[in-house]
Amino acid sequence: MATLPPPNNVLEVLLINFPRGVNLGCGDLIFSSHMIFTLVFVRTYHKYGSKRFIKLLAWVMAIVQSLLIIAARKHYTVDVVVAWYAVNLVVFFVDTKLPEMPDRTNGSPLIPLSNKDKDGRPKDEK
């Protein structure tokens, strides 16, 4: 039941074999987008939220959702594990390696401007 039947026409390809394919799988494999969205929400609330009980409840619900996704056979176990690994790795990279974005409330441009030329020297040295 994990495989979709071949499409009969181009419209079925564009609709991802809807509605028959809905019962046979979620359409994405490595890695679980269900878990990605859940973990991004939980990590964001954990970082910026203020209620300790909600933080704990969110982590417990993410763990329960992981188990339910695997039990429902909508994803392989590796899909869920890779989602846990990938989201936390991206959050770690963003938090530690990227500088904080500057305050843009004063109308500064969206793209950071540099006072250096293409060769790396400041524009004033020319």
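When the range 42-60 is filtered for residues that are touching a residue at least 12 places away in the same chain (Cβ under 8 Å) and of a type outside the set (D, E, K, R), the ones remaining, listed by number, are 42, 45, 46, 58, 59. Do the conditions hold for residue 67, that is, is it open to solvent by 80 Å² or more (accessible area, probe 1.4 Å), under 20 Å from residue 85 (Cα atoms) and at pLDDT 90 or above? Yes. The range 1-64 holds helices (runs of 4 or more DSSP H) entirely within its bounds, and those carrying 3 or more residues that are at pLDDT 65 or above and either on the phi < 0 side of the Ramachandran plot or open to solvent by 80 Å² or more (accessible area, probe 1.4 Å) (or both) map to 10-14, 33-48.
Taking the range 68-85 as the region of interest, how many residues are in a helix (DSSP H, G or I) and over 22 Å from residue 44 (Cβ atoms)? Walk me through it before giving the result.
If we filter the range 68-85 for residues that are in a helix (DSSP H, G or I), which is where we start, we get 68-71, 77-85.
In the following step, the residues that additionally are over 22 Å from residue 44 (Cβ atoms) were identified as 70-71, 77-78.
Adding up the residues that qualify gives 4.
The values are calculated or read from the model by the stated rules, or taken from the named source; none is laboratory data. Just so we're clear, the structure is a prediction, and the values are computed from it rather than from any experiment. FYI the Cβ positions are ideal-geometry reconstructions off the backbone, even for glycines, and counts take in every protein chain you see. The protein model used for the area step is the full one, side chains on, heavy atoms only, and it has no ligands, DNA or RNA in it. Shrake-Rupley method; radii C 1.70, N 1.55, O 1.52, S 1.80 Å.
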